[in-house]
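Below is one structure, written out as structure tokens; the observations come after it.
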Amino acid sequence: MQGQTDGFAALSKKLNALAEGMDLKVIRRAARSAMLPVAKEAASRVPKSDSAHKTSRGRLVAPGFASRSIKRVAKIDKRRGRVVVKVGVASEAFYVAQFLERGTKYIRPMPWLEPAFAAKQGEVINRFKQQLKKIIDKEARKK
């Protein structure tokens with residue numbers, strides 16, 4: 001677990017260095033786009049049930065509900081002057097992240113989100129660079 005946490009910190013440092021001095025809205029767009037491969041990888045790795053089940057809201061959902069609930073959210077933290085992108089599941093599918101990723105007393109851990117991130121780190125950095133370049137070029141053409 002510690003090695004993966006170090007990987008998150010290293011990636012965050014690299015992305016922050018790339019984005020230094022740029023408009024946060026531009027960075028948010030590029031960062032959200034850069035995390036798409038992680039979201040796709042997470043959707044492919046999330047454990048899937050073989051049968052329909054009820055969510056915490058009592059709704060009956062088909063197998064694969066969790067993989068269809070993978071979301072990317074990018075926000076600007078104005079206090080700290082940075083962009084935060086989160087990849088996870090919609091609130092109705094919280095159990096997949098809370099109980100399966102880490103496990104419980106009764107359920108063995110079945111990590112899927114952290115391994116998805118670890119597998120796509122390099123692609124995230126490259127995609128972030130490409131997206132920033134594309135946005136900068138587009139803005140330069142406007143002026």
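The values are calculated or read from the model by the stated rules, or taken from the named source; none is laboratory data. Just so we're clear, the structure is a prediction, and the values are computed from it rather than from any experiment. Every residue, glycine among them, receives a Cβ derived from its backbone with ideal geometry; neighbour counts consider all protein chains shown. What goes into the accessible areas is simple: the full protein's heavy atoms, side chains included, and nothing from ligands, DNA or RNA. Shrake-Rupley method; radii C 1.70, N 1.55, O 1.52, S 1.80 Å.
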Next item on the list: Could you please put 29, 57 in sequence from largest to smallest accessible area, using a 1.4 Å probe?
Entry: 57, 29
Note to self: Residue by residue through segment 31-37, what is 3J(HN,Hα) from phi via Karplus (6.51 cos²θ - 1.76 cosθ + 1.60, θ = phi - 60°)? Round to whole Hz and write x for glycine and proline.
What the structure shows: 5, 4, 5, 5, 7, 4, x
Notebook entry, point to check: Normalised by the residues of segment 44-95, what does the relative contact order come to in percent, with Cα pairs under 8 Å and at least six apart?
Noted result: 30 percent
Checklist line | Cα Rg, Dmax, segment 33-143, angstrom units | finding: 17.2, 60
Check: What ³J(HN,Hα) values, in whole Hz, does the Karplus curve 6.51 cos²θ - 1.76 cosθ + 1.60 give for segment 50-65 when θ = phi - 60°, with x put for Gly and Pro?
Finding: 8, 9, 5, 8, 8, 8, 5, 8, x, 7, 7, 10, 6, x, x, 4
Check: residue 62 to residue 84: FRET efficiency via 1/(1 + (r/R0)^6), r the Cβ-Cβ distance, R0 25 Å, to the nearest 0.05?
Finding: 0.20
Notebook entry, point to check: R0 = 30 Å: FRET efficiency of residue 25 with residue 98, Cβ-based, nearest 0.05?
Noted result: 0.45
Notebook entry, point to check: Over segment 40-143, what relative contact order in percent results from Cα pairs under 8 Å that are six or more residues apart?
Noted result: 22 percent
Check: residue 86: which lysines have alpha carbons under 20 Å from its alpha carbon, excluding same-chain residues fewer than 8 sequence positions away?
Finding: 13, 14, 25, 40, 71, 75, 78, 120, 129
Notebook entry, point to check: Hey, what do the phi angles of segment 132-141 turn into as Karplus ³J(HN,Hα) couplings, whole Hz, using 6.51/-1.76/1.60 and θ = phi - 60°, x for Gly and Pro?
Noted result: 4, 4, 4, 5, 5, 4, 5, 5, 5, 5
